[in-house]
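Take a look at the structure below.
Throughout, read-outs are computed from the coordinates displayed, never taken from laboratory work. Note that the structure is predicted; figures quoted are calculated from it, not measured. Glycine gets a Cβ as well: all are built from the backbone with ideal geometry, and neighbour counts include every protein chain shown.
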Amino acid sequence: MSSPPPAAPVVSIERPPCSLDPAEPSAADFIHTAVRSIRRLARTRGRDHPHIVIACFPKSGSTFLATTLARATGFRPYLLNPIGHDTERDIRPLSIPMFLTQPTVSQEHMHARTENVRWLRLLGVRPVVLVRDVFDAVVSARDHVAPPGARGPAAHPPPDENDPSVRQDLAIRAGVPWMIDFFTSWRAARAKLDVHFVTYDELVADPIATIERIFTHVGMRVPATQISDALASIRPSEVRFNRGRGGRGRLELTPAEIRLVEDIAGTERDADLSMIGLPS
């Protein structure tokens with residue numbers, strides 16, 4: 001008769017207690033310190049690279065704008081949040097070191113949250129904020145999410161939902177509060193950052209003049225011929241920019257849908273929302 005196997009040894013492992021001390025430095029704090037040191041060193045060597053950061057509404061022409069800026073300058077397109085394609089794109093600290101090594105153009109669907117503002121101040125960035133008439137944006141968002149399973153930064157329709165009215169309702173109920181909060185956050189951020197607002201309608205009506213103003217804002221001088229050459233090089237299939245006409249939203253939305261948008265906007269009684277097409 002075989003003897004039973006020996007019992008497994010009992011191992012005691014002592015682990016240090018988990019510290020929840022809010023004063024303990026975080027990884028972001030260490031990166032903040034490193035960024036300050038890197039930027040000081042870069043300035044002393046004349047290699048503090050310029051950056052253009054666009055915070056944008058969905059369906060506002062941001063890919064078109066960012067692509068044009070990159071081609072007119074030769075700057076590298078760069079994601080400050082490389083994993084947030086479908087959701088809120090707050091700045092990821094681990095994206096910063098590579099960001100500092102080259103001139104860049106970034107576009108992100110990010111609010112002016114405290115940490116985002118802190119990063120932009122630290123990096124010396126003067127953000128460009130691209131917005132659009134809310135009524136036009138929700139109609140364009142409805143078209144964008146039409147393929148089953150498509151997602152966006154605010155509206156995530158069920159994959160099997162094909163009813164256009166349901167999808168439009170979702171684009172309004174999820175998208176409009178997101179856009180209002182986005183806009184008001186960047187308005188408030190002007191107290192701490194040099195923010196330049198651009199509207200979709202301005203960009204469509206006169207892209208060269210609009211882009212010249214952006215370059216002036218970020219402290220760059222780029223010849224108009226360079227801008228026009230960059231515009232001419234862009235194929236529509238690259239940027240999903242259909243130059244939609246202003247006012248399309250109020251024409252295509254039903255009276256009930258327009259009232260729903262206005263009712264949602266009515267909760268922001270103290271904000272001037274006229275830049276995004278909403279009554280103040």
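Based on other C-beta atoms within 10 Å, arrange T68, T267, T73 from fewest to most. Present the calculation step by step, with values, prior to reporting the outcome.
Values: T68 26, T267 9, T73 20.
Listed from fewest to most nearby Cβ atoms, that is T267, T73, T68.
Could you sort the peptides 191-197, 76-82, 103-109 by per-residue average Cβ neighbour count (10 Å cutoff), highest mean leading?
Ranked by mean Cβ neighbours within 10 Å, highest first: 103-109, 76-82, 191-197.
Kindly put D90, D133 in sequence by how many other C-beta atoms sit within 10 Å of each C-beta, fewest to most. If you can, show how the numbers build up before the last one.
Values: D90 17, D133 24.
Going from sparsest to densest Cβ surroundings: D90, D133.
D for the stretch 43-276, whole µm²/s, Stokes-Einstein with Kirkwood Rh over alpha-carbon pairs at 25 °C and 0.890 mPa s: what number?
Roughly 133 µm²/s, to the nearest whole number.
Counting other beta carbons within 10 Å of each residue's own, what order do L260, L69 fall into, fewest first?
With the fewest neighbours first, L260, L69 line up as L260, L69.
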